[in-house]
Amino acid sequence: MSLISEFREFAVKGNVVDLAVGVIIGAAFNGIVKSLVDQVVMPPIGLITGGIDFSKLEWVLRPENPATEAVEKVAIQYGAFLNTVIQFLIVAWVVFLVVKGINSLRRQQAAQPDPAPAAPTPTEALLTEIRDELKARSNP
């Protein structure tokens, strides 16, 4: 089997396609969560804390010196880190809710009794009778 045909077989397997779809949807979901945190969650928190923009909070270790281009500002940007932590918590909460929903559906499905087997059709009943009759004749 050639390398190209092996790759083609691998690439069209269901698991790989499902994984690709999951990654694409996950990337889109990341954009939604980032927007939710940056534009919906953080502004009211900033308003409550006195108008602070969390994304710009930083701890300056070495200030920028405009007189010399060689000295750049060095800062720990903990506000951006806080936004990222909040994004993570939102994603983790949504994943938890999805898994919880799937587990509850599985429990409901497992709790349902199996339906009783359907009665044989008239044709099946007749064939069963013929089979039993043939068995009885062949075993004297």
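The values are calculated or read from the model by the stated rules, or taken from the named source; none is laboratory data. Computed from a prediction, not measured in an experiment: that's the story for all the values here. Quick reminder, even Gly has a Cβ in these numbers, built from the backbone with ideal geometry, and neighbours come from all protein chains shown. For accessibility, only protein heavy atoms count, side chains too; no ligands or nucleic acids. Shrake-Rupley method; radii C 1.70, N 1.55, O 1.52, S 1.80 Å.
Mind pulling the angle between the C-alpha long axis of helix 14-36 and the longest principal axis of the chain? Nearest 10 degrees, somewhere in 0 to 90.
Compared with the principal axis, the helix lies near 40 degrees.
For the chain, what is the accessible area per residue in Å², given a 1.4 Å probe and the full set of protein chains? Don't skip to the end; give the middle numbers.
Working: 11920 Å² over 140 residues.
Dividing the accessible area of the chain by its residue count gives 85 Å².
Run the numbers for V91 and E124: contour at 0.36 nm per residue of separation, minus the present Cα-Cα distance, in nm.
6.4 nm
Pairs of Cα atoms under 8 Å, at least six residues apart: use those to get the relative contact order of the chain, whole percent.
Numbers: 66 pairs, mean separation 20.2, N = 140.
Reported as a whole number, the value is 14 percent.
Positive end of the charge dipole of region 1-136 (Lys, Arg +1 and Asp, Glu -1 on Cβ, about the Cα centre): tell me which of L126, G31, T68 has its Cα farthest that way.
T68
Given a Förster distance of 35 angstrom, what is the FRET efficiency for I102 paired with E6, based on the Cβ-Cβ distance and rounded to 0.05?
Once the sixth-power term is evaluated, E becomes 0.55.
Using only the alpha-carbon atoms of the chain, report the extent along each of the three principal axes, biggest first, to the nearest angstrom.
Ordered largest first, the chain gives principal extents of 113, 51, 21 Å.
Rounded to the nearest 10 degrees, what's the angle between the helix 122-138 long axis and the longest principal axis of the chain, both from Cα atoms, 0 to 90?
50 degrees
Of the candidates K56, K73, K34, which one comes out as most mobile in a Gaussian network treatment of the chain with C-alpha springs shorter than 10 Å?
The residue with the greatest mean-square fluctuation here is K73.
Keeping the other protein chains in place, figure out the carbon and sulfur percent of the accessible area of the chain, with a 1.4 Å probe. All intermediate terms of the calculation are to be shown ahead of the outcome.
Numbers: 7930 of 11920 Å².
Of all accessible area on the chain, carbon and sulfur atoms account for 67 percent.
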